[in-house]
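Asker: Here it is, the structure, as structure tokens.
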């Protein structure tokens, strides 16, 4: 594929007048670099020397004809977009060409408007194929981070922090909204650490009642309580030499908080019913989607435990703060669930991708994953379109202050609320005009320059919002 700023087009025809006409016509209407070849042999030489996005070739040429040229041009270049030109008497031949990999065909003599429209669609197809290859490469590069996929500055900072803390055994507190990938971050820290060959034990704290959670964590001795008919090794011992991940630590009871504090201080546990403590070598990672500082003020969480847990704090950003990662995540989930459900490869239309980019994603990456999973299961075509999805009602918009800012200092709460407002307002304004800044500015009652300044301040890019009208 072309690495230049402009897409590159190759036109192949043995009629010199036709070549001149096509080059002049296409140059006027398409913003691309156009090369010509008088025969298939010259065209193949050009393809070996330069990357092309689209090839427009006559199907009847002396020497190497169009069918052989198609096969040889696609050899080693399966994603090359090739359009065949043919006379009315060769329609059947053109159909055969499509079966052999041609993108489309156009019959001579053709209307120039139809040719231009076809070339625009071909260039768009080539652009999407190129972006798809880039996305796949980026996904492969991020495989070490499990399901954590992204190229944004926010997620790259998370990746870098994971690499740094993985080299140590310090306790890590993961924070962030539900669905942002805290569990995946915990596993990535373990996988990058020297403990990777030992156990990773995940504990969902809210799912177990206090007495059961305590016995699960620390274990017990036979006779410690009714029905304790045999010794049980707790999860801390299961994780010996490895990592234990305490998910939603903010939900545990005050009594259990006290016992966990002793574990962090002394690196020891005491199974229920046993008088002697046992030394442990376990790395502790905890997570919460709550504001523990507020729970401390409400006497629901021990302050000393918080500081023991919060040696290193890593916040997972919500999806709305890294929209540039959405296409990469969509591609990742499409690839995963097409394989899981034995479906042919599916793609997402530009219109639907634009909607994905502007959707608030209150459930974050988990919500996006669920939507893509349903798309793979139920979308009737290989291209998933906007109408294939039943969008849930938009969350309550009447509330000006969301739950996530309650309990924050006034200035920080105001900053986040303004950031959320600008993200939502500007993305919607730009989406209404397919990313056209001039029209969006007029719609908002702003000068173009003023709108651009606000967009730069909040990291909003028009090219990320543009969608292709169908």
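The values are calculated or read from the model by the stated rules, or taken from the named source; none is laboratory data. These numbers come from a predicted model, not from an experiment. We place every Cβ from the backbone using ideal geometry, glycine too, and count neighbours over all the protein chains shown.
Asker: Would you mind telling me which numbered condition in (1) closer than 19 Å to residue 181 by Cβ; (2) surrounded by 17 or more Cβ atoms within 10 Å (Cβ to Cβ) residue 220 fails?
Answerer: All conditions pass for residue 220, except number (1).
Asker: Sticking with this one: Considering each of 270, 295, 283 in turn, give the residue that is surrounded by 16 or more Cβ atoms within 10 Å (Cβ to Cβ), closer than 23 Å to residue 409 by Cα and not assigned by TED's automatic domain parsing to the domain that holds residue 423.
Answerer: When all the criteria are applied, what remains is 295.
Asker: Something else now. Restricting to region 192-212, name every residue that is closer than 16 Å to residue 284 by Cα and part of a helix (DSSP H, G or I).
Answerer: 192, 205
Asker: Considering only strands (runs of 3 or more DSSP E) fully contained in region 1-117, which possess at least 2 residues that are surrounded by fewer than 17 Cβ atoms within 10 Å (Cβ to Cβ) and in contact with a strand residue (DSSP E or B) (Cβ under 9 Å, 6 or more places away or on another chain)?
Answerer: Qualifying strands (runs of 3 or more DSSP E): 104-108.
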